[in-house]
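Inspection log for the structure reproduced underneath, given as structure tokens.
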Amino acid sequence: MKLFPKGFVYYVCFYFLKKERSPSITSRTLHRLYVFKMKIWGKIMKKFVKNMAILGVCAGLLLPGTAHASLQSDLKQVKNVLAGKYDPNTRQFKSITDSYSMGSQKEKKPQFSEDTIVIKYKTPISRTQHSLLGATVIRQDSSLKYVVVKVKNKAAQEKALKAYLKNSSIISAQPSVLFQTFGTPDPKASKQYLNSMLQISKAQSLAGNRKVKVAVIDQGVDIKHAELKNKVISSFNILNPANPGVPEFHGTHVSGIIAGEKNNGVGGYGVNPNADIISIDVFNRSWGTNDYTIAQGIDKAIEQGAKVINMSLGSYAPSPILEETVQKAISKGIVIVASAGNESWDMPSYPASYEGVISVGSINSKKSLSSYSNFGPSVDIVAPGEDVYSSIYEPEKLSSFRNMSGTSMASPVVAGVASLILAKNPSLTPASVEYILKRTASDLGAKGYDTKFGSGLVNPVSALSYNLKNVPKAVTKKWTDKEIINEAAAVSAAKPLSITKSFTQPSEQHWIQFEVKEGEYIQTALKSAAQYDHKLTLKFFGTNQAQTSVIDSVRNGKSEAKLIKAPFTGTMAIGVKDVNGQYDTSKKNQYTLQVTKAAELPEDASTLTNMTEIGEVPFSNAENTFIGSDKIDNDYFTFKADGEKLFNLKVSGVAGVNSSINVYREDSLIPPQEPGEPVMTDEEKLELLKNMLDGEKAMPGEFSSNRGGAGDGESLYFKGEKDVKYIVKVSNKPELTEENFFFFFGPLFESNLSPESSLTPYTLSLTSSEFIPDEDGFPFEGGEEGEEGEEGGDGDLNGDGIYDMEDDILYFEQRVNQYKEMSRPYTLGQGASGTLQHRGDSDIFTFQADKSGIYKFNTPKVNGQAFLVEVLRLTTEKLEDGREIPFLNSVGNNFNWTGWGALNSQITTGLKKGETYFIQVSSNPFENDFSYQKYNITSSYIYADQSDKYEDNDLMKNQAKNLPANGKVTGNFAMPGDMDAFYFSPAKSGVYSVLAEKGTVSSALQAKLPKELFNKVYKIPVIIEDVNRNRKYDKADYENYSVIEAGAASGTTYGSFNAVKGKKYFIVLDHYIDGGTLSLEPYNLTVAAAKTADEDAKSVVKNNKPSKPIALKAVNSKEFKASGYLNAGVKFGDEDWYVLTLKKDTSVKIDLTAGIESDMSLSLYQNGKLLNKADYYPEGDNESLVRTLKKGTYHIKVRDYFGNSSVKPYELKVTLK
């Protein structure tokens, strides 16, 4: 069955209620029709809710926590921050495409504006006409024939869209697409691994000194940053044109990668430090922007004379206005580079996927594809994008530096290389630059071009060394109508034509031509090789007239197709092109073009008035085509089930057609005869069926399938009931699916779901097999009707008239009892097999582990059907009132959060000896792939338990272990649900520091175990006072806690708390694991009294002159060192002053390093006068200062930028050159 989103279902129900009745249907019949429609929708809604409820169960049964709600809330917020879902500065949930060294984020933002429409017109319409539709013009582009209008709200948008699309002056209208961001010698150059990997310095030496303008269409850039203040030649704000761009982190980071200053003694340097940056802010410090705003940004780049545009931003919805503006810029000779996207899937992202744009994926320092990077046929090339060190702007510190990750960081690397190429060869076209970049790329992955790395890793040195004489002519060839007519191969299409060819040169196109007569039908089909994406261009040439259609609707390896009617007598030309300009000299980039002409269309068979009757099963029919009197063709078949069986309907794939199947019970469509009601006539029945099945808002079937895309065909399994008559509708009109809803949320565009016709017949087959009854009877729902609230209303399970936490507790207890009573026994190491009886069905198995350790569960697909599998642990939880209730804890599932509805083929988790576990097998609620396949889940023991020596030390079970006397612990979270608790008795009152760091992973262990067992761990220390000192976490302790979260996103968490001698404390280490339920990455926890003994306590500083500065220790004649702590409890923060005495003029390098918790600042004084200050870098990043000094005495001041104390010692090093 197909899933429908709740909002859509409610909307359609409302639509049926308010729809005017047809004059040909009697009032009695109409009323009965409404009643039946509501019943059908009710059933669909119940199934939808049940299917989505699977996720609730598979996420584990959630209870009001036994810990106090405020602590739970605080911990949840910290984990949201670590997962990239929450911004603690703005206090808003967020979705940033790129992140600070933590991989990609998965929160989805709306793809379309709800109050803005982009309209392309043939002839402009007046502002008065716009006003009558409730729209206000906010931008008009006469050159591209676009107008952008704003309306009041989403409802007004839908109304206006319909009106615009009916206007003959309008070519297209759609909601505006929303976009978001997708990341002296320079002391930090060594942190920029891309410099050595790509030999950037050598490439720069090959480029010469010619300036090249690079437009950064992004957030605003920090024009005061030391790396960029000499690089940004202009700054524009498209959304606020009176002002320059608003400085932000993303635009600043991207600009630094392209053109960061070289040899300025600060940070690192950019790929092309000689480039001029044109900063074009299209965000104005908001989370997202619009397509028309980006289009304005591109126009501004054209106006400013940019030669390269970098767009580290994207959306998964195409935008005509953006595409046309991109093509306009390319036609002006501008190279456009864009990020491929950070969703780790092969969905095309825009503008990266537009023709002529260089789409860039991301690799890491090991030349492996980054875990977040998109891939697929639209990716042209890859570049370093993971943990890229560059300039950044931050609200607190302003100009700074950080690592960022994302394809947004990879794109400017390629943009920088493109600017180097143009610096050396300014006359090159965008197509030539793209060819050189791809031709000279270093091959990664499979030999030659592949859909993972594209053409390979950008190679700046090879690109700048490339002989321009070797650029093929095909790269710069223009295929105008004149060239097409003169050069297209003449063929005969009197008989069906089939041509197989290969693209062996870049940007190659192949054309054929033949004569056509007005009114003839031409069926085209283009089959592409597996990893290549080709498109068709269909052109008609007549006397003083021409017509063009571009067919590019499917992805790589699939077939483009179009049935088109000749508009006039003349010549038809058909062109084939690789969308991404890819080629292969070994002829792997192959296609087959098929062309068939027909004077007239075949008659429509199997109509609603003439259904094809299926007499016997198995059945097969290959006589129907997707051609009808209207553009939508619905073919109807009918059969009677001869028993309770499992039926399988299959529709073969037809190129270009996105087919669907709907199955209806006839007795659910034709209302039963009510006593005293007149019998419905055959005409009334037919009119009723037309309204329900062929109407504009046709009812979905009780069973339906539209899982496949264009050309894929469909397969639908359903349980048939004996002697029930079924009606089967096979249609060329795609249905709304959960996947469509996800990508086209908001108004749905008919162009995305439009029916296509074809002369190619399809085959419909029907087979049956035995229906296997449910093996375990789970879940027990109590029937279709009255499932909820039988006693006291919705959710009121105890019948007290109110829905409260007691009802939740009762529900969980009942659910756990179902697991216990209905589950089938399972033995680890063997198979768990069965069949799901419907989409809402789940099968439960129970087992115990005979030894603790790490286990693997294999969860393979079966004939295309995936299964959502979760392993649950049975435990108990104590409520605040002392009651213990059973509880199910998720210890692992095969859901893959990197893609919509993706499921992994295995689960790796930890199991404890003697514990009771359940395996729950359900259908995948996100994909329409349910087909009654028999699953087989297997398991195996792969390694011994790696839990640390302090286990078990669960706070909730009062198992806290004493904190060692030295305050140091090395542990891990080697079992799901592990939360380590230690009992702390302070030796003295005062401030105590807490530091939770990443430990060292055993290389031997890493070699033996899968990498997913070593996922990064973000530690969250919690300090809880044991108020009644009974070593039990109870109600008395709920309000006395503090959560330490500073630095957690880096993997090292630090902070402090006040402790009183004689009191007792729980030191609890909670955590967030990036991508799993356990990790063998160890942690090091340190709890120690904060340092208060000041190294220069007796020194008095007056006018920046310390009376008793600290002496540096000589390591040798050229090197001096000192280490210390910035002490706690010092008003305005501690400062340490050191003395440096030089006996002669010399060049001095001063380095200051510290722990991740410290954002250090370094200042150099002489006689109280500030000579230099080094405060460029963020926490955990060492400061450095280089200066030539004369003989004399100097003072060095060390402090934290924010005045914070240090947990780990800092080190000051002075080196004499």
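The helices (runs of 4 or more DSSP H) falling completely within the range 453-531 that include 2 or more residues that are closer than 24 Å to Val579 by Cα map to 473-476, 481-487.
Could you pull out the residue among Asn1167, Asn1127 that is more than 15 Å from Leu1212 (Cα to Cα) and buried (at least 20 other Cβ atoms within 10 Å of the Cβ)?
Values: Asn1167 fails: buried (at least 20 other Cβ atoms within 10 Å of the Cβ).
When all the criteria are applied, what remains is Asn1127.
Yes/no per residue for (1) part of a strand (DSSP E or B); (2) over 17 Å from Lys1118 (Cβ atoms); (3) in the same structural domain as Lys998 (by TED's automatic domain parsing); (4) charged (D, E, K, R):
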{"site": "Ile1150", "(1), (2), (3), (4)": "yes, no, no, no"}
{"site": "Tyr1165", "(1), (2), (3), (4)": "yes, yes, no, no"}
{"site": "Asn1172", "(1), (2), (3), (4)": "yes, yes, no, no"}
{"site": "Pro1178", "(1), (2), (3), (4)": "no, yes, no, no"}
{"site": "Val1186", "(1), (2), (3), (4)": "yes, no, no, no"}
{"site": "Arg1199", "(1), (2), (3), (4)": "yes, yes, no, yes"}
{"site": "Gly1203", "(1), (2), (3), (4)": "no, yes, no, no"}
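Return the only residue of Val1130, Val1198 being under 50 Å from the mean Cα position of the chain (by Cα), modelled with pLDDT under 95 and among the aliphatic types (A, V, I, L, M). Let's see the steps before the verdict.
Working: Val1198 fails: modelled with pLDDT under 95.
Going through Val1130, Val1198 in turn, just one is under 50 Å from the mean Cα position of the chain (by Cα), modelled with pLDDT under 95 and among the aliphatic types (A, V, I, L, M): Val1130.
Take the conditions in contact with a Lys or Arg (Cβ under 8 Å, 6 or more places away or on another chain) and either at pLDDT below 95 or within 27 Å of Arg555 (Cβ to Cβ) (or both) and apply them to Leu536. Does it pass?
yes
Met347 passes every criterion in (1) surrounded by fewer than 20 Cβ atoms within 10 Å (Cβ to Cβ); (2) out of contact with any Phe, Trp or Tyr (no Cβ under 8 Å at 6 or more places or on another chain) apart from (2).
Does Leu468 meet the test of being surrounded by fewer than 21 Cβ atoms within 10 Å (Cβ to Cβ) and in contact with a Gly (Cβ under 9 Å, 6 or more places away or on another chain)? Let's see the steps before the verdict.
On the way: surrounded by fewer than 21 Cβ atoms within 10 Å (Cβ to Cβ): yes; in contact with a Gly (Cβ under 9 Å, 6 or more places away or on another chain): no.
Here the answer is no, as Leu468 does not meet what is asked.
Taking each residue of the range 301-318 that is β-branched (Val, Ile, Thr) and looking for partners that are in a loop (DSSP other than H, G, I, E, B) with beta-carbon atoms closer than 6 Å, six or more apart or interchain, yields Ile302/Lys332; Ile309/Ile334.
Please state which one of Thr537, Thr480 is outside the structural domain of Lys447 (by TED's automatic domain parsing) and surrounded by 16 or more Cβ atoms within 10 Å (Cβ to Cβ).
Details: Thr480 fails: surrounded by 16 or more Cβ atoms within 10 Å (Cβ to Cβ).
After ruling out the rest, the residue left standing is Thr537.
If you go through the range 1170-1206 one residue at a time, how many are more than 15 Å from Tyr1138 (Cα to Cα) and either out of contact with any strand residue (DSSP E or B) (no Cβ under 8 Å at 6 or more places or on another chain) or β-branched (Val, Ile, Thr) (or both)? Result for the range 1170-1206: 7. Kindly evaluate Ser1042 against the criterion of being of a type in the set (Ser, Thr, Tyr), surrounded by fewer than 22 Cβ atoms within 10 Å (Cβ to Cβ) and not in a loop (DSSP other than H, G, I, E, B). Yes; evaluated as a whole, the condition is true for this residue.
How many residues, within the range 1152-1163, are surrounded by fewer than 20 Cβ atoms within 10 Å (Cβ to Cβ) and in a loop (DSSP other than H, G, I, E, B)? The number of residues fulfilling the criteria is 1. Residues in the range 571-594 that are surrounded by 19 or more Cβ atoms within 10 Å (Cβ to Cβ) and not basic (Lys, Arg): 14 in all.
With a requirement of 3 or more residues that are in the same structural domain as Ser143 (by TED's automatic domain parsing) and small (Gly, Ala, Ser), none of the strands (runs of 3 or more DSSP E) lying completely within the range 193-292 satisfies it. The set of residues from the range 250-302 being under 30 Å from Val118 (Cβ atoms), touching a strand residue (DSSP E or B) at 6+ places or on another chain (Cβ under 7 Å) and charged (D, E, K, R) comprises Asp281, Asp291, Lys300.
Note on the range 502-546: among residues that are within 22 Å of Lys587 (Cα to Cα) and among the small types (Gly, Ala, Ser), the one that is nearest to the chain's Cα centre (by Cα) is Ala530.
Whether any residue in the range 681-694 is in a loop (DSSP other than H, G, I, E, B) and surrounded by fewer than 18 Cβ atoms within 10 Å (Cβ to Cβ) is what I want to check. Talk me through it step by step, then tell me what you get.
Of the residues in the range 681-694, the ones in a loop (DSSP other than H, G, I, E, B) are 681.
This time we only want the ones that are surrounded by fewer than 18 Cβ atoms within 10 Å (Cβ to Cβ), so: 681.
Yes.
Among the strands (runs of 3 or more DSSP E) contained in the range 360-407, which hold 1 or more residues that are farther than 22 Å from Trp345 by Cα and out of contact with any Asp or Glu (no Cβ under 7 Å at 6 or more places or on another chain)? First the steps, then the outcome.
Values: elements: 381-384, 388-394, 398-404.
Here the list reads 388-394, 398-404.
Answer with yes or no whether Thr607 is among the hydroxyl-bearing types (Ser, Thr, Tyr), outside the structural domain of Tyr762 (by TED's automatic domain parsing), closer than 25 Å to Ser754 by Cβ and modelled with pLDDT of 90 or more. In short, yes. Just one of the listed residues (Ala981, Ala1007, Ala987) is within 31 Å of the chain's Cα centre (by Cα) and among the aliphatic types (A, V, I, L, M), and it is Ala1007.
Conditions (1) within 19 Å of Ser758 (Cβ to Cβ); (2) at pLDDT 95 or above; (3) outside the structural domain of Ser705 (by TED's automatic domain parsing), marked per residue:
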site: Glu616; (1), (2), (3): no, no, no
site: Asn624; (1), (2), (3): yes, no, no
site: Ser629; (1), (2), (3): yes, no, no
site: Ile632; (1), (2), (3): yes, no, no
site: Thr638; (1), (2), (3): no, yes, no
site: Gly643; (1), (2), (3): no, no, no
site: Asn648; (1), (2), (3): no, no, no
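The residue list Ala1111, Ala1089 contains one member that is out of contact with any Ser or Thr (no Cβ under 6 Å at 6 or more places or on another chain), over 30 Å from Phe1014 (Cα atoms), surrounded by 14 or more Cβ atoms within 10 Å (Cβ to Cβ) and of a type in the set (Gly, Ala, Ser), which is Ala1089. Hey, does the range 413-430 have a residue that's touching a Pro at 6+ places or on another chain (Cβ under 9 Å), surrounded by fewer than 24 Cβ atoms within 10 Å (Cβ to Cβ) and over 20 Å from Val216 (Cβ atoms)? So far as the range 413-430 goes, no, none of its residues is touching a Pro at 6+ places or on another chain (Cβ under 9 Å), surrounded by fewer than 24 Cβ atoms within 10 Å (Cβ to Cβ) and over 20 Å from Val216 (Cβ atoms).
The values are calculated or read from the model by the stated rules, or taken from the named source; none is laboratory data. The structure presented is a predicted model; accordingly, all values stated were derived computationally and were not measured. Counting neighbours? That spans all protein chains shown, and the Cβs are built from the backbone with ideal geometry, glycine included.
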